[in-house]
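The values are calculated or read from the model by the stated rules, or taken from the named source; none is laboratory data. Because the structure is a prediction, the values reported are computed rather than measured. Note: ideal-geometry Cβ built from the backbone for every residue, glycine included; neighbour counts use all protein chains shown. Surface accessibility is based on the protein's heavy atoms, side chains included, excluding ligands, DNA and RNA. Shrake-Rupley method; radii C 1.70, N 1.55, O 1.52, S 1.80 Å.
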Amino acid sequence: MRFRWLLAVFPLLYAALFSAMAGWLGNDPHALELFIPGQRIVVRILSAAGCCLAVSVFARGDHLRRAWLLLGWAAAVILLRDVLRLLPPFHAGSAGAPVILSGLGILSNVALLAGIWELARSWKMAAIELPGGRSGVLGIALVTALLALVVAGPEALHSARALAGGDWGALIFFVSAVADILSLCLITPLLLTAVSLRGGLFSWPWGLVTASQVAWLLYDAAGTLAPRLAPGGFPLAEVFRGMAESYLFAAGTVQFLLIRHVRRAAG
């Protein structure tokens with residue numbers, strides 16, 4: 001497990017590299033528009049690969065295999081949507097394109113939420129005692145829920161109003177915002193599971209998945225505070241998106257290496 005620190009730092013290095021490239025391309029809007037979708041596909045591939053690695057080390061029926069499989073499906077489906085967006089029929093905006101893209105987006109959000117839920121309840125299935133007691137857990141959960149509502153609530157409310165007005169194109173945004181709120185609320189059990197396992201190798205996957213969720217929280221915050229681009233044309237939200245996907249890649253890869261390490265030691 002000598003590579004776990006490198007994997008933990010990788011998302012920060014990726015964010016730094018992306019920021020440098022975005023800043024360099026800032027004077028050329030066309031080049032920046034081409035760069036952003038390309039790097040988005042790269043991080044989608046990384047997150048899907050990390051989840052696949054994690055799935056490969058668990059047997060069928062294993063709780064953690066199901067969790068990583070759901071996360072992998074979420075990454076694969078959203079990757080498919082991003083690739084389709086680049087194809088002429090979808091890029092040109094054909095009649096059925098919005099329906100297909102919205103459907104893939106909804107499926108991805110539902111799968112991601114289900115996967116995070118499966119990971120978040122692992123502490124209960126493994127009879128792990130979370131630190132802080134009941135009051136501490138509830139306090140942290142309340143703070144996390146409030147943060148989630150602050151950063152993703154406005155989008156959910158706006159999309160709900162659009163749906164009520166008959167705009168079915170807002171359904172994907174509503175589902176995405178609600179899924180974001182619910183998944184961000186699950187930061188508490190993920191974080192406390194990592195803390196309860198501190199000092200051991202098994203804390204790493206949970207800690208990295210928690211970091212991924214925190215990055216998504218920052219992504220939503222950047223989208224709320226700067227719906228388009230940060231001052232100077234800098235795509236701040238994309239930085240946090242890349243970090244979130246990269247941390248999921250790191251978490252899945254560490255999970256794979258950890259189980260391999262334990263099995264070799266037992267053998």
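Numbers below:
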item: For region 141-196: rounded, prolate or oblate by the Cα gyration tensor [a/c cutoff 1.5]; result: prolate
item: Per residue accessible area of region 30-119, 1.4 Å probe, in Å²; result: 48 Å²
item: Stretch gain in nm, segment HIS261-TRP117, where the contour uses 0.36 nm per residue and the Cα spacing is subtracted; result: 49.2 nm
item: Carbon + sulfur, % of accessible area of region 6-61 - ligands and nucleic acids excluded, 1.4 Å; result: 73 percent
item: Trypsin sites (Lys or Arg not before Pro) restricted to region 1-50 and DSSP loop, no more than 15 other C-beta within 10 Å; result: ARG2
item: Inter-probe distance in nm under a simple model that places probes 7 Å from Cα toward Cβ, at LEU138 and HIS158; result: 3.5 nm
item: Inter-site label distance for LEU6 and ILE41 at 7 Å from Cα along Cβ, in nm; result: 2.7 nm
item: Separation of the LEU86 and LEU149 label points, Cα + 7 Å toward Cβ, nm; result: 4.1 nm
item: Loop chymotrypsin sites (Phe, Trp or Tyr not before Pro), region 1-54 (other Cβ atoms within 10 Å of the site Cβ: 11 or fewer; DSSP); result: none
item: Cα shape, region 1-99, gyration tensor, a/c 1.5 rule; result: oblate
